[in-house]
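Undergrad: Have a look at the structure that comes next, please.
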Amino acid sequence: MSKRIAVLLSGRGSNFQSILSASQSGTLGGDIALVISNRPGAGGLDIARDAGIETALIDHQAYSTREAFDADLAGALESQSPDLIVLAGFMRILTPEFTSRFAGRLMNIHPSLLPLYPGLHTHQRALDAGDLHAGATVHYVTGELDGGPPVLQAKVTVEPDDDADSLAARVLQLEHQIYPQAIAWHLSERLQFAAGRLTLDGIALPPRGRQWESEPE
Ligand code: GRF
């Protein structure tokens, strides 16, 4: 049976689009079964509908607690039995109950060279620090915000005239390459995160994950 992924998003959905394209071209090794947004106006919902993918809106504003929201989210996800749940610009902090329930099949992309700059405003923080490089990291999700083990990381050089927007745009191009790659590794079971151990082809990954050069096999 083909592998199934579910996508959680809150916004425009350009990462989701790159994953969808990989799925349609056969390089992802799986199908997108469901897209869930916590925001009614998310552009990613339109992309999904246009592609004929099932969508759900679970508006966090209708919930008085994070736990109640996460419980409904988990229920909607379980109904699809996904092999992987992909956070693609999903702007909600998930409860420990949720992250432990889906441990090992929950992935995120974060626009920094983790462990640098978890949280928001990553590009501005890299500029303010005078960093020579910025980038993005795909990681499995644990209970610690942006703290799960890195799988794949891509770097760009910070140029003297960069601002947060120009840097974000260059990093985003790489996000669109590394996220489908990491998902494909998971779906093919080359990549595993179980009992706190992260391996690719049975070999432990380095602490910052595999470094993206261009097109690793
Ligand atoms: C990306 O920068 C991603 O790294 C971060 O949120 C942004 C989502 O952008 N987690 P998009 O909605 O995928 O275009």
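Every number in this text was worked out from the coordinates using simple rules, so none of it is lab data. The model shown is predicted, which means the values in this text are computed figures rather than measured ones. Ideal geometry is used to build each Cβ from the backbone, glycine not excepted, and the neighbour counts take in all protein chains shown.
Undergrad: From the residues LEU87, TYR117, LEU127, which one has its Cα farthest along the dipole of the chain in the positive direction, the dipole being from +1 and -1 charges on Cβ of Lys/Arg and Asp/Glu about the Cα centre?
TA: With unit charges placed on the Cβ atoms, the residue in question is LEU87.
Undergrad: Magnitude of the Cβ-charge dipole of segment 75-217, K/R +1 and D/E -1, about the Cα centre, nearest 20 debye?
TA: 500 debye
Undergrad: If we count other beta carbons within 10 Å of each Cβ, what is the order of THR95, THR137, THR157, fewest first? Intermediate results must be reported in sequence, preceding the final value.
TA: Details: THR95 19, THR137 30, THR157 11.
By the 10 Å Cβ count, ascending: THR157, THR95, THR137.
Undergrad: Please rank THR122, THR99, fewest neighbouring Cβ atoms within 10 Å first, as an exposure proxy.
TA: Working: THR122 24, THR99 19.
Fewest to most other Cβ atoms nearby, the residues stand as THR99, THR122.
Undergrad: While we're on this one: At a 10 Å Cβ-Cβ cut-off, how would you order LEU145, LEU34, fewest neighbours first?
TA: If I rank by nearby Cβ atoms, fewest first, I get LEU145, LEU34.
Undergrad: What is the distance in Å between the Cα centroid of segment 154-197 and that of segment 1-63?
TA: The distance from the Cα centre of segment 154-197 to that of segment 1-63 comes to 18 Å.
Undergrad: Next up: Please find the FRET efficiency linking SER166 to ALA129, where r is the Cβ-Cβ separation and R0 is fixed at 25 Å, and quote it to the nearest 0.05.
TA: 0.90
Undergrad: Hey, with R₀ at 35 Å, roughly what FRET efficiency would SER2 and GLU213 work out to, going by the Cβ-Cβ distance, to 0.05?
TA: The calculated FRET efficiency here is 0.75.
Undergrad: Could you compute the FRET efficiency for HIS121 and ARG66, with r as their C-beta to C-beta distance and R0 at 22 Å, rounded to 0.05?
TA: With R0 = 22 Å, the Cβ-Cβ based efficiency is 0.50.
Undergrad: Say each of THR157 and ASP31 gets a label point 7 Å from the Cα, pointing the same way as Cα to Cβ; how far apart are those two points in nm?
TA: With each label point 7 Å from Cα toward Cβ, the separation is 4.5 nm.
Undergrad: While we're here: Let me have the 222 nm mean residue ellipticity of the chain computed from DSSP H runs of 4+ only, each contributing -39500 (n - 2.57), with the sum over all residues rounded to the nearest 500. Present the calculation step by step, with values, prior to reporting the outcome.
TA: Numbers: 6 runs with 70 residues, N = 217.
When only DSSP H runs of four or more count, the value is -10000 deg cm²/dmol.
Undergrad: Kindly write out, for segment 62-68 in residue order, the coupling ³J(HN,Hα) from the Karplus curve 6.51 cos²θ - 1.76 cosθ + 1.60 (θ = phi - 60°), rounded to whole Hz, with x marking Gly and Pro.
TA: Taking θ as phi minus 60°, the curve returns 7, 10, 8, 10, 4, 4, 5 Hz for segment 62-68.
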